[in-house]
Amino acid sequence: MVDLKGQYKHIQNEVDEAVIKVIREANFINGSDVALFSDELSAYLDGAHVIPCANGTDALQIAMMALDLRPGDEVIVPAFTYVATTEVIGLLNLKPVMVDVDPDTFNVTVDQIRKAITPKTKAIVPVHLFGQCANMEPILDLAKEKGLYVIEDTAQAIGAHFTFSDGTTRKAGTMGHIGCTSFFPSKNLGCYGDGGAVYTTDEMLAAKIKMIANHGQVKKYVHKYIGVNSRLDTIQAAILRIKLRHLNNYSFARNTAAEKYDELLKGINGLVTPIRQHNSTHVFHQYTLKIANGKRDALKQHLEAHGIPAMIYYPVPLHEQEAYKSIGEVVGDLSVTYNLCASVLSLPMHTELTDAQQQFISDTIHSFYKL
Ligand SMILES: Cc1ncc(COP(=O)(O)O)c(C=O)c1O
C-alpha cells in the first residue's frame, strides 16, 4: 500500500545525517529540532500555532482536554472514520454522537451534524477523510450559530486546503478551533515512528495545549492543569523537518498517481473512482474506490491473488464496535456508512508508484470485470 523504503532512498543522506546528529548530541527529548519543526510546520500552515505531540490520537485527546469538555458532553463525529477519533471521546467520558457521511466524498455533512445537535452538544469533529477537506464553510457557520467547538481531525489531510465562498483559502486543520494530525509512518507527512501535532490559531489556547501536552505544567514542578506526557521525539522531529520540505512534492506525486488511476479505471460499470469535493484540494492519503453489486470482496481477493495489496478502510461502522455500543449514540439510519463499509476498497497509493505498477493494477482490475 505504501513504499516507505523507496521514499527514504531519495532523502537517505539528509535523514541519516540528521538522526546521527541527534544521537551524537544526545538531545532526545525536546531537542532543538522539535521547536524548529514546530516553527516550520507553523509557517507551512500560514502561521497557525503547532504543538507537536506523541501521536495523532493524543493530539485529539489533548484538544478535547484543552477545550474543557466534561463527562457527559456530546461530541458529534462521523460513524465512518478511524477508531481514534471516537476512542478519545470515550476515554474522556464524553459521549460520541455518530452521524452519517456524504456518499461521494465520505466526509461528514452539515445536514447530518445539524440533526444531531442537542443542548448537551459541545463539539463537532469533522474528519478530513482520505485526504480532502469536509465541506467546512457551512459546518463552521453552524458551529458559530450554536456556540460549538470544531476540532478538525486532519490526520489524513495534511497539505490539503479549502476555499471559502469569499475566495480565501485555509489549510486543513486551521479552520476550526483546533486541528489534530498524525505523523504515523504511512501518513502523507510520516515520521519513522509515532508522532502527532495539535494546531490552533488562538494564542491563549496554544499556550494551554502546550501545557496539557507536558503534564499540565506552567514551568518545572508547577502544574496548572491535569495533563498528559505526550512529546514528539527529537529524532522524529529531525526527520519530519526534512520530509516537510518535500511535502508539496509528495502531494503532487499522489495527485499525479490519482489522475492516472482515474484515467486507467474509467468506464468500468460498477466501479466508482474518487469524487473530489469542489472547494477542497485532495492530497490522496488514500485512493478509495466504491465497488457496487457486492463484488468488493471478490475484487480484493482477485487483486491479492495477483500480488496487489488492497485495503478496506473501514469495514465496520464505529457504532457497531463492541467498545462503542454502550457509550455512543447514533443519529439516523447511517445507511451511507453501512453502504461504504460494504463497498469501499483502497488501492496502493504513495509517492513512489510507477506507471508500470499502476498499469498492472489497472489491468488486473479490468481482468476481474471480464471474468
Ligand atoms: C482519521 C485519523 N484520526 C486519528 C488517527 C490517529 O493517529 P495516530 O495513529 O498517530 O495515533 C489516525 C491514524 O491512523 C487517523 O487516520
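The values are calculated or read from the model by the stated rules, or taken from the named source; none is laboratory data. Keep in mind that this is a model prediction, so the values were computed, not measured. Quick reminder, even Gly has a Cβ in these numbers, built from the backbone with ideal geometry, and neighbours come from all protein chains shown. For accessibility, only protein heavy atoms count, side chains too; no ligands or nucleic acids. Shrake-Rupley method; radii C 1.70, N 1.55, O 1.52, S 1.80 Å.
Structure notes:
- For the listed residue pairs LYS115/LYS144; LYS21/LYS187; LYS21/LYS220; LYS146/LYS325; LYS115/LYS290, the alpha carbons are over 19 angstrom apart in LYS21/LYS187; LYS21/LYS220; LYS146/LYS325; LYS115/LYS290.
- Cα-based Kirkwood hydrodynamic radius, segment 190-257, one decimal, Å: 14.1
- For segment 136-208: relative contact order, % (alpha-carbon pairs under 8 angstrom, 6 or more apart): 25
- Around the Cα centre of segment 139-191, unit charges on the Cβ atoms of Lys, Arg, Asp and Glu (plus for the first two, minus for the last two) sum to a dipole of about 140 debye.
- The residues of segment 51-190 present an accessible area of 31 Å² per residue when probed at 1.4 Å with all protein chains retained.
- Per-atom-type breakdown for segment 1-134 gives carbon and sulfur 52% of the accessible area (1.4 Å probe, protein chains only).
- Gaussian network model of the chain, springs between alpha carbon atoms under 10 Å - residue of GLU74, GLU87, GLU145 with greatest fluctuation: GLU145
- Bridgeable aspartates and glutamates around LYS219 (alpha carbons under 19 Å apart, same-chain partners fewer than 8 residues away excluded): GLU203.
- Relative contact order of the chain, pairs being alpha-carbon contacts under 8 Å that are 6 or more residues apart, as %: 22
- Averaged over its residues, segment 255-371 has an accessible area of 48 Å² per residue, based on protein heavy atoms and a 1.4 Å probe.
- Across the protein chains, with a 1.4 Å probe defining accessible surface, the residues HIS246, HIS177 rank HIS177, HIS246 from largest area downward.
- Among the protein heavy atoms, those of LEU36 account for about 70 Å² of accessible surface (1.4 Å probe, every chain in place).
- Among ALA157, ALA342, ALA197, the largest mean-square fluctuation in a Gaussian network model of the chain (Cα springs under 10 Å) belongs to ALA342.
- Residues VAL330, VAL108, ordered by accessible area of protein heavy atoms at a 1.4 angstrom probe radius and largest first, appear as VAL330, VAL108.
- For segment 1-152, a/c is not less than 1.5, where a ≥ b ≥ c are the root eigenvalues of the C-alpha gyration tensor, and a/b tops b/c. That puts it in the prolate class.
- LYS224 - accessible surface, heavy atoms, 1.4 Å probe, Å² rounded to 10: 130
- Solvent exposure ordering (accessible area, 1.4 Å, most first) of THR351, THR364: THR351, THR364
- Look at where the Cα atoms of segment 145-221 and of segment 62-104 average out, and the two centres are 15 Å apart.
- GNM result for the chain, Cα springs below 10 Å: residue of GLY227, GLY196, GLY179 fluctuating most strongly: GLY227
- Fraction of accessible area attributable to carbon and sulfur, segment 216-335 (%, probe 1.4 Å): 51
- P(r) tail for the chain: Cα pairs beyond 37 Å make up 20% of the total.
- In the context of the full protein assembly, PHE164 retains an accessible surface of approximately 30 Å², using a probe radius of 1.4 Å and ignoring ligands and nucleic acids.
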